[in-house]
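First comes the structure, then the notes that go with it.
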Amino acid sequence: MKTIYAGPKRGADRAVLLAHGAGSDMHAATLAVVADALAGAKIPSLRFNYPYRDAGKKSPDRAAVLDATTRAAAAELARQAKLPPERLVLGGRSMGGRYCSLIVGDDDDPVPALALLLLGYPLHAPGKPDQPRVDHFSRLRVPCLFVSGTRDSLAGQDALTDAVKAIKGPVTMHWLESADHGYRPRKASGRTLDDVAAEAAEVSVDWVQSLS
């Protein structure tokens, strides 16, 4: 598993896992901006590739492989940051963030975590709003931050706001004005993708720092 570790190697009391989305990899611009912002706040982070990306494929791995890889990446971050699993914030973009929430909310073998950072949570697959991915929400008891665009076609504001009510832990929601699922804003908004990524990074770092 290829990884990128950023931030201090020791001395931190928390660290963040940043898993990539289905159509991207660990070099995704938004993840890099968030990782840089965390490093600036002296918070370590780990980015990694799922196997299909290392193999040069476009279609994501089977669910069992994504699950196992996310668990392995969390363990690798704990090892490199020299922290117990309970001090890790697990999360990332879209699919990656979703799998972090799945392993934390797993029925049989949940992974301990300090919190979940969900950047563009994919509430449903494209064109399938009637099949929300929320079965595990009621088993989430850690703080959760959702950072989503107001134009996200995979998680409408009303639908996501309603869905997170099932989560037992404290939920914070931040809406990126004019941004779509890929965090791209409308040209008419006067905002750029860089602006949106910077906002997502600032909100993420402030929230991670605020965790007890």
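The values are calculated or read from the model by the stated rules, or taken from the named source; none is laboratory data. For clarity, every value in this text was computed on a predicted model and none was experimentally measured. We place every Cβ from the backbone using ideal geometry, glycine too, and count neighbours over all the protein chains shown.
Looking at the stretch 114-212, the strands (runs of 3 or more DSSP E) lying wholly inside it that each contain 1 or more residues that are among the small types (Gly, Ala, Ser) sit at 115-119, 144-149. With respect to the conditions (1) crowded, with 20+ Cβ neighbours inside 10 Å; (2) over 20 Å from residue 203 (Cβ atoms); (3) touching a residue at least 40 places away in the same chain (Cβ under 8 Å), residue 1 falls short on a single one, namely (1).
So that you can scan it fast, the table gives a plain yes or no per residue for (1) surrounded by 19 or more Cβ atoms within 10 Å (Cβ to Cβ); (2) of a type in the set (Phe, Trp, Tyr); (3) out of contact with any helix residue (DSSP H, G or I) (no Cβ under 6 Å at 6 or more places or on another chain); (4) under 16 Å from residue 23 (Cβ atoms):
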| position | (1), (2), (3), (4) |
| --- | --- |
| 96 | yes, no, yes, yes |
| 114 | yes, no, no, no |
| 125 | no, no, yes, yes |
| 168 | no, no, yes, no |
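Being modelled with pLDDT of 95 or more, over 23 Å from residue 45 (Cβ atoms) and touching a helix residue (DSSP H, G or I) at 6+ places or on another chain (Cβ under 7 Å), is that true of even one residue in the stretch 189-207? Within the stretch 189-207, not a single residue is modelled with pLDDT of 95 or more, over 23 Å from residue 45 (Cβ atoms) and touching a helix residue (DSSP H, G or I) at 6+ places or on another chain (Cβ under 7 Å).
Taking the stretch 25-43 as the range and being assigned to a loop (DSSP other than H, G, I, E, B) and either surrounded by fewer than 20 Cβ atoms within 10 Å (Cβ to Cβ) or under 15 Å from the mean Cα position of the chain (by Cα) (or both) as the test, the residues that pass are 25, 26, 27, 28, 41, 42. Tell me whether the stretch 54-75 contains one or more residues that are closer than 26 Å to residue 209 by Cα and in contact with a Phe, Trp or Tyr (Cβ under 7 Å, 6 or more places away or on another chain). So far as the stretch 54-75 goes, yes, one or more of its residues are closer than 26 Å to residue 209 by Cα and in contact with a Phe, Trp or Tyr (Cβ under 7 Å, 6 or more places away or on another chain). For the stretch 48-60, check the following and say yes or no: at least one residue is within 16 Å of residue 100 (Cβ to Cβ), part of a loop (DSSP other than H, G, I, E, B), of a type outside the set (Phe, Trp, Tyr) and without any contact (Cβ under 8 Å) to a residue 12 or more places away in the chain. The answer is no; no qualifying residue exists.
Filtered by the rule that a residue be surrounded by 17 or more Cβ atoms within 10 Å (Cβ to Cβ) and charged (D, E, K, R), the stretch 4-24 gives a lone residue, 14.
Taken together, the residues in the stretch 78-113 that are among the aliphatic types (A, V, I, L, M), touching an Asp or Glu at 6+ places or on another chain (Cβ under 9 Å) and not in a helix (DSSP H, G or I) amount to 2. Count, please, the residues in the stretch 84-108 that happen to be more than 17 Å from the chain's Cα centre (by Cα) and either among the small types (Gly, Ala, Ser) or within 11 Å of residue 46 (Cβ to Cβ) (or both). Matching residues across the stretch 84-108 total 0.
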